[in-house]
C-alpha cells in the first residue's frame, strides 16, 4: 500500500468485503513523494493491519537515472498524463517482491490499487495482472502442486471494472474521514505556514480532485493550489 488514495481504498475494500486479514507492504524506491510512506504507516494502523513492512529498493532510482519524473527532483512534474511519470515496470517489481512475502507466509492474495482509469499504465492493465499472476505461480509450481504452498492471486479494482471514483466511494463508505489521511501528490508536498499540503497541480492531485467531484464527496484535502 503506497499511502495513496487508490491503494488505501483497495485494501479497505478487500478487508471489509472480501473478509481478508491484511498484511501491508510499502516500497521505498527513491520516489520524490516520501510523504506517501509516512502516511502509509499511519494508515496501516488505522486499518489494523496484522503486519506492516517498508521494503527498501532505493537502488531502483539509480537504474531509472534521470529519465523519470517521480524519482528525479530536477524534472518538472506534469499536470496531465505524460510518459515521464510512467515508472518502468514498477508494478511488476512491487508485485514480485510482494509475492515472495506472500508465498513465505502462505498468503493467497496480493492487492494492487489499479483501477480502470489507470489504463494509460501498461502494468495496471488486467492482461498484465493476469499474466504476472500466472508467471509467479509457475515460479512456485512444484510447491503448490505438493500442497506446501498456496497458489496466489493478484487482485485489483480494474479486474472488476471499478474506476477511480467508484473505488473512492467504496473506500469512503468504509473509512470515512480517514480517507483524507492518504497522500496522492507526486511531489513531497508544499509547505505553507508550517503545514505540508498537496501541491494541487500535478497529474495525481488533479485526478484526486476529479475523483472526489465525480463521487459527490466533499474533498477535505488541503491543496496549495485549488
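Read-outs: derived from the displayed coordinates by stated rules, not from any lab. All values derive from a computational prediction rather than experimental measurement. All Cβ positions, even for glycine, are placed from backbone atoms using ideal geometry, and neighbour counts span all protein chains on display.
Rundown of residues vs (1) touching a residue at least 40 places away in the same chain (Cβ under 8 Å); (2) under 18 Å from residue 10 (Cβ atoms), yes/no style:
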site: 54; (1), (2): no, no
site: 70; (1), (2): yes, no
site: 81; (1), (2): yes, no
site: 84; (1), (2): no, no
site: 89; (1), (2): no, no
site: 109; (1), (2): yes, yes
site: 117; (1), (2): yes, yes
site: 148; (1), (2): no, no
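All but one of (1) assigned to a helix (DSSP H, G or I); (2) under 19 Å from the mean Cα position of the chain (by Cα); (3) loosely packed, with under 15 Cβ neighbours inside 10 Å hold for residue 104; state the number of the condition that does not hold.
With (1) assigned to a helix (DSSP H, G or I); (2) under 19 Å from the mean Cα position of the chain (by Cα); (3) loosely packed, with under 15 Cβ neighbours inside 10 Å applied to residue 104, the lone miss is (2).
Spot the failing condition for residue 184; the list is (1) within 16 Å of the chain's Cα centre (by Cα); (2) free of Cβ contacts under 8 Å to residues at least 40 places away in the same chain; (3) closer than 25 Å to residue 70 by Cα, and only one is missed.
Checking residue 184 against (1) within 16 Å of the chain's Cα centre (by Cα); (2) free of Cβ contacts under 8 Å to residues at least 40 places away in the same chain; (3) closer than 25 Å to residue 70 by Cα, the one that fails is (2).
In the set 33, 44, which member is farther than 24 Å from residue 128 by Cα, surrounded by 15 or more Cβ atoms within 10 Å (Cβ to Cβ) and touching a strand residue (DSSP E or B) at 6+ places or on another chain (Cβ under 8 Å)? Before you say what the answer is, go through the steps one by one.
Values: 33 fails: touching a strand residue (DSSP E or B) at 6+ places or on another chain (Cβ under 8 Å).
On inspection, the qualifying residue turns out to be 44.
Would you mind stating whether residue 57 is surrounded by fewer than 20 Cβ atoms within 10 Å (Cβ to Cβ), under 28 Å from residue 139 (Cβ atoms) and in contact with a helix residue (DSSP H, G or I) (Cβ under 9 Å, 6 or more places away or on another chain)?
Taking the combined requirement at face value, the residue satisfies it.
Please go through the stretch 142-172 and give me each residue that is surrounded by fewer than 18 Cβ atoms within 10 Å (Cβ to Cβ) and in contact with a strand residue (DSSP E or B) (Cβ under 6 Å, 6 or more places away or on another chain), ordered by number.
153
When the residues of the stretch 3-22 are narrowed to those that are within 14 Å of the chain's Cα centre (by Cα) and not in a helix (DSSP H, G or I), which ends up surrounded by the fewest Cβ atoms within 10 Å (Cβ to Cβ)?
4
Which condition number in (1) out of contact with any helix residue (DSSP H, G or I) (no Cβ under 9 Å at 6 or more places or on another chain); (2) surrounded by fewer than 18 Cβ atoms within 10 Å (Cβ to Cβ) is the one that residue 178 fails?
Condition (1) is where residue 178 drops out.
Can you say whether residue 225 is closer than 24 Å to residue 81 by Cβ, surrounded by fewer than 18 Cβ atoms within 10 Å (Cβ to Cβ), without any contact (Cβ under 8 Å) to a residue 60 or more places away in the chain and in contact with a strand residue (DSSP E or B) (Cβ under 9 Å, 6 or more places away or on another chain), as far as the supplied structure shows? So that I can check it myself, show each step before the final result.
Working: closer than 24 Å to residue 81 by Cβ: yes; surrounded by fewer than 18 Cβ atoms within 10 Å (Cβ to Cβ): yes; without any contact (Cβ under 8 Å) to a residue 60 or more places away in the chain: yes; in contact with a strand residue (DSSP E or B) (Cβ under 9 Å, 6 or more places away or on another chain): yes.
Yes: the conditions hold for residue 225.
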